[in-house]
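The values are calculated or read from the model by the stated rules, or taken from the named source; none is laboratory data. The shown structure was predicted, so the numbers you read here are calculated from the model rather than taken from an experiment. In this analysis, Cβ positions are derived from the backbone assuming ideal geometry, glycine residues included, and neighbour counts consider all displayed protein chains. For accessibility, only protein heavy atoms count, side chains too; no ligands or nucleic acids. Shrake-Rupley method; radii C 1.70, N 1.55, O 1.52, S 1.80 Å.
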Amino acid sequence: MTGAAAVLELFRARFGGAPGGMWFAPGRANLMGEHTDYNGGFVLPFALGQGIVAAAARLGGRRLVLCSAQEPGSAVEVALDGLAPGQVTGWAAYPAGVAWALGAAGCEVPGARIAIDSDLPAGAGLSSSAALECATALALTELSGLAVDRRELAAIARRAENDFVGVPSGIMDQSASLLSRRGHALLLDCRSLETSQVPFDPAGSGAGLLLINTRASHELTAGEYGRRRAECEQAARLLGVPSLRYLTDLGDLDRLTDPVLRRRARHVLTDNQRVQEVAGLLTSGSGDAYPRIGRLLTQAHQSLRDDFEISWPEADAAVDAALASGALGARMIGGGFGGSVLALVPGEAPVRAAVAGAFAERSWTAAEFLDAAPSDSAKRVGLE
Ligand code: GLA
C-alpha cells in the first residue's frame with residue numbers, strides 16, 4: 001500500500017469517514033553545511049522521496065485528535081484553547097506545537113482529526129520531526145483555507161520545535177521540507193533567508209547517492225546539540241561578531257585562546273566555505289564536479305569528526321568503508337551522535353557490500369541502505 005493509501009486506511013479505521021485531504025512532507029538529507037544554520041550560515045539540503053503523510057479532517061470543537069501508524073495505542077487529544085508549551089509530550093508535541101505556533105502567528109487553527117504515517121526511519125537523522133511539523137502545518141492551514149507563505153510556514157514549524165517541543169534547532173530542516181525542488185538542492189542563506197535552487201542530478205552524471213542509516217539512533221534533545229550551539233555563540237561573542245557566519249578568514253580564529261572553541265568555529269567557517277564551493281561546482285556543470293564534491297564531502301566528515309566532534313563510531317566506519325570501496329566521498333549528516341551517512345558513489349553495490357562487511361565484522365546491527373533522490377517539497381496528495 002502506498003503512503004497515502006495506508007494513511008487513508010488508518011484514518012478510516014481510527015476515526016471513521018473520509019479525511020478532508022492528505023498532505024505529504026518529505027524528510028531531508030543535507031549535501032553540505034552542518035551546524036551552520038543556527039550560526040547564520042549556508043546550508044545545501046535536499047528533500048527526500050520519503051516522508052510523512054497526514055490525513056486530516058476538520059472537527060467541530062477546539063481540539064486536535066491525533067493518531068499515528070508508528071505509535072500504537074489510543075489517539076492523543078489536545079485542547080487548542082489555552083495550549084501552552086509543556087502541556088503535550090512525546091510525538092504529539094510536534095503537531096500540537098505547530099497548532100500552537102500557528103495560533104501565535106495569528107492563524108486561526110481549526111479543530112481537526114489527523115492520522116499520520118511515515119516511511120522515514122525515526123532517529124536516522126533524516127528530519128522526521130520537521131516532516132511531521134510541515135505535514136501538520138500544511139494540513140491545518142489548507143483545511144481552514146489559509147494561504148501562508150512557505151517561508152513563513154517554515155519559521156512557524158521551527159518555532160514549534162524550538163519553543164513548544166524544546167529542541168534548539170535551526171531553520172534548515174523545515175526549509176528543506178517546504179522549499180525544495182525535484183532534481184535540485186536548496187541553497188539557503190540562513191542569515192538573509194534567501195534561497196536558490198541549485199541543479200543536483202548526480203545520476204545524470206554517472207554518480208549515485210547512497211544514504212546509509214547507521215542504526216545508531218540520535219536524539220537531538222539529549223544536550224550535545226544545545227552544547228555545540230552554546231559553544232558557537234560563545235566563540236562569536238569572544239570574536240566580537242554577531243554570529244560565526246561573519247568569519248571569513250582562518251587567521252581570525254587565532255584570537256580564540258580556547259582550543260575547543262577554536263575547533264568549533266573552524267568547522268563552521270570551513271563548512272560555510274564548502275557549501276559555497278559545492279553550490280558553485282553544481283552550478284558550473286563542470287565535468288569533474290562530482291569527484292570534487294566527493295572530496296569536499298569527505299573533508300566535511302573530517303571536520304565534523306575532529307573539529308566539531310559530533311561523529312560516532314558507526315558513521316566513521318561507514319565513511320571509511322565507503323571510501324575504501326570506491327566512493328567519491330562520504331560524510332555523516334544531520335545533528336550528529338547517530339543517524340545517517342551520505343555517500344557519493346560511482347556504483348552502489350561495492351559500497352553497500354563494504355559497509356555491510358564492516359558492520360558485520362564489529363557485530364553491529366546491520367546498516368540500512370536508502371534511496372536519496374532529490375525530490376519535491378511538501379504538497380497535497382491524492383490516491384495514485
Ligand atoms: C538538526 C537541526 C538542524 C541543523 C542540523 C545540523 O538537523 O534540526 O537545524 O542544525 O541538525 O546541521
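Summary of values
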{"quantity": "Residue within segment 312-326 that is within 16 Å of the ligand (Cβ to nearest atom) and either among the aromatic types (Phe, Trp, Tyr) or assigned to a helix (DSSP H, G or I) (or both) present", "calculated": "yes"}
{"quantity": "Residue check for Val98: under 28 Å from Phe337 (Cα atoms) and buried (at least 20 other Cβ atoms within 10 Å of the Cβ)", "calculated": "yes"}
{"quantity": "Residues (assigned to a helix (DSSP H, G or I), hydroxyl-bearing (Ser, Thr, Tyr) and out of contact with any Cys (no Cβ under 8 Å at 6 or more places or on another chain)) located in segment 171-180", "calculated": "Ser175"}
{"quantity": "Filtered residues of segment 112-126 (kept if touching a residue at least 60 places away in the same chain (Cβ under 8 Å) and not in a loop (DSSP other than H, G, I, E, B))", "calculated": "Arg113, Ile114, Ala115, Ile116, Asp117, Ser118"}
{"quantity": "Per-region count, segment 163-194, residues surrounded by fewer than 18 Cβ atoms within 10 Å (Cβ to Cβ) and among the polar types (S, T, N, Q)", "calculated": "1"}
{"quantity": "Hits in segment 332-362 (condition: free of Cβ contacts under 8 Å to residues at least 60 places away in the same chain and not hydrophobic (A, V, I, L, M, F, W, C))", "calculated": "Pro350, Gly357, Glu361, Arg362"}
{"quantity": "Total residues in segment 135-172, condition closer than 15 Å to Ala99 by Cβ and small (Gly, Ala, Ser)", "calculated": "6"}
{"quantity": "Residues being hydroxyl-bearing (Ser, Thr, Tyr) and outside any loop (DSSP other than H, G, I, E, B) - total across segment 327-367", "calculated": "1"}
{"quantity": "Unmet requirement for Met332, which otherwise passes all of (1) away from the ligand (no atom under 16 Å from the Cβ); (2) open to solvent by less than 10 Å² (accessible area, probe 1.4 Å); (3) in contact with a His (Cβ under 7 Å, 6 or more places away or on another chain)", "calculated": "(1)"}
{"quantity": "Segment 54-82, residues that are more than 25 Å from Gly106 (Cα to Cα) and either in contact with a Gly (Cβ under 9 Å, 6 or more places away or on another chain) or modelled with pLDDT under 95 (or both)", "calculated": "Cys67, Gln70, Glu71, Pro72, Gly73, Ser74, Ala75"}
{"quantity": "Segment 29-51 - residue that is open to solvent by 10 Å² or more (accessible area, probe 1.4 Å) and assigned to a strand (DSSP E or B) and, of those, nearest to the ligand (Cβ to nearest atom)", "calculated": "Phe42"}
{"quantity": "Filter result for Leu178 (modelled with pLDDT of 95 or more, away from the ligand (no atom under 13 Å from the Cβ) and under 12 Å from the mean Cα position of the chain (by Cα))", "calculated": "yes"}
{"quantity": "Residues that are in a loop (DSSP other than H, G, I, E, B) and over 21 Å from Arg227 (Cα atoms), drawn from segment 127-170", "calculated": "Ser144, Gly145, Leu146, Ala147, Val148, Asp149"}
{"quantity": "Residues within segment 1-28 that are closer than 22 Å to Gln50 by Cα and part of a helix (DSSP H, G or I), tallied", "calculated": "9"}
{"quantity": "Filter result for Asp201 (in contact (Cβ under 8 Å) with a residue 24 or more places away in the chain, acidic (Asp, Glu) and at negative phi)", "calculated": "yes"}
{"quantity": "Every residue from segment 121-150 that is away from the ligand (no atom under 13 Å from the Cβ) and surrounded by fewer than 24 Cβ atoms within 10 Å (Cβ to Cβ)", "calculated": "Pro121, Ala122, Thr141, Glu142, Leu143, Ser144, Gly145, Leu146, Ala147, Val148, Asp149, Arg150"}
{"quantity": "Count - residues of segment 279-311 that are assigned to a helix (DSSP H, G or I) and either under 25 Å from Val260 (Cβ atoms) or open to solvent by 20 Å² or more (accessible area, probe 1.4 Å) (or both)", "calculated": "19"}
{"quantity": "Residue match in segment 213-223 (condition: part of a strand (DSSP E or B) and buried (at least 21 other Cβ atoms within 10 Å of the Cβ))", "calculated": "yes"}
{"quantity": "Count - residues of segment 151-165 that are acidic (Asp, Glu) and within 16 Å of the ligand (Cβ to nearest atom)", "calculated": "2"}
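Residue-by-condition table, conditions (1) assigned to a loop (DSSP other than H, G, I, E, B); (2) of a type in the set (D, E, K, R):
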{"site": "Ala236", "(1), (2)": "no, no"}
{"site": "Arg245", "(1), (2)": "no, yes"}
{"site": "Thr248", "(1), (2)": "yes, no"}
{"site": "Asp252", "(1), (2)": "no, yes"}
{"site": "Thr257", "(1), (2)": "yes, no"}
{"site": "Val260", "(1), (2)": "no, no"}
{"site": "Ala265", "(1), (2)": "no, no"}
{"site": "Val268", "(1), (2)": "no, no"}
{"site": "Asn272", "(1), (2)": "no, no"}
